[in-house]
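Below is one structure, written out as structure tokens; comments come after it.
The values are calculated or read from the model by the stated rules, or taken from the named source; none is laboratory data. Predicted model, so just to flag it, every value in this text is computed and none were measured. A quick note on method: Cβ atoms are made from the backbone with ideal geometry, for glycine too, and the neighbour counts reach across all protein chains shown.
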């Protein structure tokens, strides 16, 4: 027994010595593990949700774009580029939706920015009502596209008819949502009404950063209001213009809610924008494979717009 | 010159007020007609109601199951905001403070996800969400908002945390505080300005979102406000008296939110967009 304890003591001593020698190494690796654990604890939960909600659907989506998946049966066959071939050669509705969305985007960008900028100029003047006006112009932006579409459905159907009756102006007497061309402009009106106030807020922030000394100096030199606007204000708020242009480009291209609630693509699918077209293809026609092929093209266009935006803004930042 | 109220400014003011009224016309039509009986809406759309009657609201309130859909929207919005703020601030903090390649890779992944439009992944999402049992559940929806909102939320937190000096945290660690404690007791309170911005941007988005809940929630008992309004409109097409009252009921919570946080909202949008 005595010898045993001795042995234990010896062993213990040896162990002690051993740990003493390796202490820095084991401490470092222990710390490494602790850091990795902390990293997982902090980053893990959101990364897990992100993986399930975005990463997996994104990559499986690319795969589905090359299949004939119908969403109902488990039968999924690889069809190569057939879906894309179909979209570009046969699917006239998709091509029409694509062109319509492009046209809508151009119109919405121009009108939203011009009106948003004009409103910003207006409410940065020394007006007594400027604060309440800012609120008024911004208010439609709070309401989601779906409710806005329904509000305007009433305006176009009942409100316009009533105004037409009272004033006799033919423009108001038309059935706006019953005609492809006016229904298109109806969507434009709704989105400009919603978007202009948002863009205005960004332009206001930019306008307030224009140094007053320069404006004052120009005025003393005899520049007119228009000349000051054209040659001083506009160039100085150019970075904000870039931001707003791209913001409206991306959001216009992705329009869905107002399209659904105002016209639902009608009359006869003539106002069906791209996002609604993808939705209908997948969830109404149950052609998930083709819908996903459209979705992939949709993604590539949006991604291209965004990447060009980021590159352009970065370049501007370097220049200025 | 800008400080003087000239006659030119007066003309501008009149013009501005007219434009403002033009912006309000749709609201006038919806509100005034929501207070009329059905027949009066058809015959006298532009006039003010002869008698202000709130019957439409009582009816729409009941038929919409308003209390239920309102509380559904509230639960989804509040819960999504909580998980987004908690998990994204933690993740962003760790990604900023860990100077490793992996942090950069993960951060870039989150940021680049911001360019993915919802419609381009909604089809496979429904399948994946089904596999993980997230469909037809309010909590599943909340987890989806955590996934979809994480890109922007982490991006905004990341930018803000980079500007916070490390010294404070180091002092606390020397005093024996754990990393977890350091984050919640010292760093998180400093994030308040950006947290306000994030909560506002996410709240408006989540409250108004229609497409995602429409794909995820099948049970009518779980419907959110935009979803209930959509089905209500489908069911009562052309019954404008009920439909308009329902619309106003859907807008009121947003207006209350806006007028109670107006200053923060404007600031949030300005700083959120410039990023």
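Here are some notes:
- Residue selected from the stretch B:251-267 under the condition facing chain A (nearest Cβ under 8 Å) and more than 13 Å from the chain's Cα centre (by Cα), by the criterion surrounded by the most Cβ atoms within 10 Å (Cβ to Cβ): B:266
- Pairing each residue of the stretch A:48-64 that is more than 18 Å from residue B:152 (Cβ to Cβ) and more than 7 Å from every other protein chain (Cβ to nearest Cβ) with any residue that is at pLDDT below 95 and in a helix (DSSP H, G or I), provided the two are 6+ apart or on different chains, yields C-beta distances under 7 Å for A:62/A:296.
- Residue satisfying all of: in the stretch B:109-146; within 7 Å of chain A (Cβ to nearest Cβ) and not in a helix (DSSP H, G or I); surrounded by the most Cβ atoms within 10 Å (Cβ to Cβ) among these: B:121
- Search result, residues across the stretch A:16-73 that are closer than 30 Å to residue A:283 by Cα and modelled with pLDDT under 80: A:71, A:72, A:73
- Considering the stretch A:115-133, and only residues there that are under 30 Å from residue A:180 (Cα atoms) and surrounded by fewer than 22 Cβ atoms within 10 Å (Cβ to Cβ), the residue that is nearest to the chain's Cα centre (by Cα) turns out to be A:115.
- Residue ID - surrounded by the fewest Cβ atoms within 10 Å (Cβ to Cβ), chosen from residues in the stretch B:99-108 that are within 18 Å of residue B:156 (Cβ to Cβ) and more than 8 Å from every other protein chain (Cβ to nearest Cβ): B:108
- Extreme residue, farthest from the other protein chains (Cβ to nearest Cβ), among residues of the stretch B:32-41 that are within 16 Å of residue A:160 (Cα to Cα) and modelled with pLDDT of 90 or more: B:32
- Filtering the stretch A:263-289 to residues that are in a helix (DSSP H, G or I) and either within 19 Å of residue B:212 (Cα to Cα) or at pLDDT 90 or above (or both) leaves A:274, A:275, A:276, A:277, A:278, A:279, A:280, A:281, A:282, A:283, A:284, A:288.
- A single entry from B:64, B:84 fulfils the requirement of being within 30 Å of residue B:141 (Cα to Cα), in contact with a helix residue (DSSP H, G or I) (Cβ under 6 Å, 6 or more places away or on another chain) and modelled with pLDDT of 95 or more: B:84.
- Here residue A:112 fits the description: more than 12 Å from every other protein chain (Cβ to nearest Cβ) and either in contact with a helix residue (DSSP H, G or I) (Cβ under 7 Å, 6 or more places away or on another chain) or buried (at least 19 other Cβ atoms within 10 Å of the Cβ) (or both).
- Checking B:161, B:174 one by one, the residue that is more than 30 Å from residue B:72 (Cα to Cα) and touching a residue at least 40 places away in the same chain (Cβ under 8 Å) is B:161 and no other.
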